[in-house]
Amino acid sequence: MAEDRKALKLKTGCVCSFGDLLFEEYEAGDGYIKANVSIDKIEKLVQYFVMVHDEPMTFTLNLPVDEEADSGVVAYEIERCSVEDMLLVMIRAGKVLFEDGVSSFEIEGDASGDRISFGRFNVMEAFGQDLEFVEDFFGPHKVQKVDKVTTAFDIISGEAPEVPGGDDEGQLTWECRVYEDGGKTVFDLPEKLAEMGMRPAGRSVS
């Protein structure tokens, strides 16, 4: 029921005029899950994904070319991370990874092919053959299952029919911006994580 829905807590780097129309919720289909996940839960969910995959994983960080969210993407990756190394990546990346508004990241199991990604406006997507573990996480954390998630992108594009106006009428405002923590931003992560094997995507580690 609508009154049971929990408001979505957006990451610091994403602000909008329609936050009261966004809720914690998810949809599930054949081999995929899409969700709005509040910032206080996303790190726990990513850690949970990592810990249930006892296999090497690849971490990919997608950065805009010139610090503008729509300027094109440069990808960096760390290949064949163990569970322990992947959890260490999360710790070393810290808040700039989760709170940033212009970047996105994904983790993929090398053997299973299961993949989870997190990007702008707290939109999480997971793909794989067996995603019950994601729903197992959402249950205790009171993330509601719906037929179709309404994301910020649906509202901005005017594809959410229950939302009046839409971008065509200029009634909506939003901004995705770089998050800074202690003078560091997500653009410092490729150098910071270089000793853990982070390289431009497609470039092997010698």
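The values are calculated or read from the model by the stated rules, or taken from the named source; none is laboratory data. Every value quoted in this text rests on a predicted model; they were computed, and no experiment measured them. Neighbour counts run over all protein chains shown; Cβ positions are idealised from the backbone, glycine included.
See the values below:
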| item | result |
| --- | --- |
| Criterion (aromatic (Phe, Trp, Tyr) and in contact with a strand residue (DSSP E or B) (Cβ under 9 Å, 6 or more places away or on another chain)) met by exactly one of PHE127, PHE137 | PHE127 |
| Considering residues of the range 8-26 that are of a type in the set (A, V, I, L, M, F, W, C) and part of a strand (DSSP E or B) only, the residue nearest to SER117 (Cα to Cα) | CYS14 |
| Test for ASP130: is it acidic (Asp, Glu) and surrounded by 19 or more Cβ atoms within 10 Å (Cβ to Cβ) | no |
| Residue check for GLU77: of a type outside the set (Ser, Thr, Tyr) and free of Cβ contacts under 8 Å to residues at least 60 places away in the same chain | no |
| Residue match in the range 126-136 (condition: touching a residue at least 40 places away in the same chain (Cβ under 8 Å) and within 24 Å of GLY72 (Cα to Cα)) | yes |
| Selected residue (criterion: farthest from the chain's Cα centre (by Cα)) from residues of the range 28-60 that are part of a strand (DSSP E or B) and loosely packed, with under 15 Cβ neighbours inside 10 Å | GLY29 |
| Number of the condition not met by ILE107 [criteria: (1) under 14 Å from VAL50 (Cβ atoms); (2) surrounded by 19 or more Cβ atoms within 10 Å (Cβ to Cβ); (3) out of contact with any Phe, Trp or Tyr (no Cβ under 7 Å at 6 or more places or on another chain)] | (3) |
| Tabulated pairs, the range 4-17, first polar (S, T, N, Q), second modelled with pLDDT under 95, C-beta under 6 angstrom, 6+ apart or interchain | SER17/LEU172; SER17/THR173 |
